[in-house]
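S.K.: Sharing a structure here in structure tokens format.
The values are calculated or read from the model by the stated rules, or taken from the named source; none is laboratory data. Since the model is a prediction, treat every value here as computed from it, not as a measurement. Ideal geometry is used to build each Cβ from the backbone, glycine not excepted, and the neighbour counts take in all protein chains shown.
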Amino acid sequence: MADFKAIETFMWVVTLGSFRGAAQKLNTTQPAISQRIAQLEQEIGVKLLQRDRRMVLPTPNGRQMMAYAEKLIGLRSEMLAAVGDQSAMRGVLRLGVAETIVHTWLTQLIKSVNRAYPNLTLEIEVDITSNLRTRLLAQEIELAFLLGPLTATGISNRVLCDYSVGFLAAPSLGLGKERLTVQELAKHPIITFPRRTPPYEMVRSLFNRPDLPPMRLHASASLATVIHMAIEGLGIAVIPTAIVENEIADGRLQLLSTDLQIPKLTFAASWLTSPDTVAVERVAEIAASLARGGVVVDAPPSPRH
């Protein structure tokens, strides 16, 4: 009788289109994947997969098998979530995170996940949204906290939070006493998000005007570097104010008054839809609660079906 491991292996080979992808997803070797598929086909008595030059595709019998495999894996995940204890949620969840989240509530998330699911390990990668999207679609990460929501086919989203973007400078620049125009701001270097990000393009559009001095726009992939440069008086930082609350409170940075407005940055949790996403959805639920200002130390309630 076909076991769940073989059925799960078949499902991921079809979903990812390769034995290599399934091996990476299931943390095993390609020969082990091949062996499980061969055993499954032998037990069922039909050929389930066929190879072309670039990927593995299901046969007609394989497509029919896939429908049942997704149901079985989904029901198993629901069962474990509904009747299992917290230790039943185990394994490694690969999480991609935009740096703004690192500077706000990521530490709280790690602590809450450790308490709620002690056998679930988070592997965390920090990157810009465009790279996180690419990695999510390539199945290199299971969950991403990024500027969103994403609109690609097969992606589920949950909006987490909105962050206001402000103009911040060290008191040594003497800019904190009056309302500043774009002309006054443009006299100083502007320090902000890295290139190829929506916030960078928004800031660039504000200062790329013929009536302003030549633009001095410094981009950095590290928000920690942006904050440090602003504190040292090297320019005006244009970043979410939530990540520098301590620096504002202790006087190292000032929030400048200006007529310019930048749209809030919306962050979302995004993941690829599949039957086996219970752990991903639970972590996204914890993240949503923390992003709203809640305190989560235990597992969220199981979904009702």
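S.K.: Given V159, V203, which one is over 26 Å from I110 (Cα atoms) and among the β-branched types (V, I, T)?
M.R.: Going through V159, V203 in turn, the sole match is V203.
S.K.: Residue under question is E125, and the condition is that it be free of Cβ contacts under 8 Å to residues at least 40 places away in the same chain, in a strand (DSSP E or B) and surrounded by 13 or more Cβ atoms within 10 Å (Cβ to Cβ); does it hold?
M.R.: So E125 passes the test.
S.K.: Going through the stretch 196-215 one residue at a time, which ones are touching a residue at least 40 places away in the same chain (Cβ under 8 Å) and assigned to a loop (DSSP other than H, G, I, E, B)?
M.R.: Of everything in the stretch 196-215, those that are touching a residue at least 40 places away in the same chain (Cβ under 8 Å) and assigned to a loop (DSSP other than H, G, I, E, B) turn out to be R196, T197.
S.K.: If we keep just the residues of the stretch 231-270 that are part of a loop (DSSP other than H, G, I, E, B) and touching a Leu at 6+ places or on another chain (Cβ under 9 Å), which is surrounded by the fewest Cβ atoms within 10 Å (Cβ to Cβ)?
M.R.: Checked the stretch 231-270; the qualifying residue surrounded by the fewest Cβ atoms within 10 Å (Cβ to Cβ) is D259.
S.K.: Is it the case that some residue within the stretch 106-119 is outside any helix (DSSP H, G or I) and β-branched (V, I, T)?
M.R.: Scanning the stretch 106-119 turns up no residue that is outside any helix (DSSP H, G or I) and β-branched (V, I, T).
S.K.: Quick one: would you say P189 is surrounded by fewer than 16 Cβ atoms within 10 Å (Cβ to Cβ) and out of contact with any helix residue (DSSP H, G or I) (no Cβ under 8 Å at 6 or more places or on another chain)?
M.R.: Yes: the conditions hold for P189.
S.K.: Can you name the condition, by its number, that T153 falls short on among (1) in a loop (DSSP other than H, G, I, E, B); (2) touching a residue at least 24 places away in the same chain (Cβ under 8 Å); (3) surrounded by fewer than 20 Cβ atoms within 10 Å (Cβ to Cβ)?
M.R.: Among (1) in a loop (DSSP other than H, G, I, E, B); (2) touching a residue at least 24 places away in the same chain (Cβ under 8 Å); (3) surrounded by fewer than 20 Cβ atoms within 10 Å (Cβ to Cβ), the lone unmet condition for T153 is (2).
S.K.: How many residues are surrounded by fewer than 18 Cβ atoms within 10 Å (Cβ to Cβ), more than 30 Å from L146 (Cα to Cα) and either touching a Leu at 6+ places or on another chain (Cβ under 6 Å) or not aliphatic (A, V, I, L, M) (or both) if we restrict to the stretch 162-186?
M.R.: Residues flagged as surrounded by fewer than 18 Cβ atoms within 10 Å (Cβ to Cβ), more than 30 Å from L146 (Cα to Cα) and either touching a Leu at 6+ places or on another chain (Cβ under 6 Å) or not aliphatic (A, V, I, L, M) (or both) within the stretch 162-186 amount to 10.
Per-residue answers, yes or no, for (1) in a helix (DSSP H, G or I); (2) touching a Ser or Thr at 6+ places or on another chain (Cβ under 7 Å):
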residue: W12; (1), (2): yes, no
residue: A22; (1), (2): yes, yes
residue: T28; (1), (2): no, no
residue: P31; (1), (2): yes, no
residue: Q50; (1), (2): no, yes
residue: L57; (1), (2): no, no
residue: A69; (1), (2): yes, no
residue: L75; (1), (2): yes, no
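S.K.: When the stretch 272-305 is examined, which residues are found to be at pLDDT below 85, of a type outside the set (G, A, S) and farther than 24 Å from K25 by Cβ?
M.R.: The answer is V295, V296, V297, D298, P300, P301, R304, H305.
S.K.: Which of the residues that make up the stretch 128-149 are modelled with pLDDT of 90 or more and outside any strand (DSSP E or B)?
M.R.: I128, T129, S130, N131, L132, R133, T134, R135, L136, I141, E142, P149, listed by residue number.
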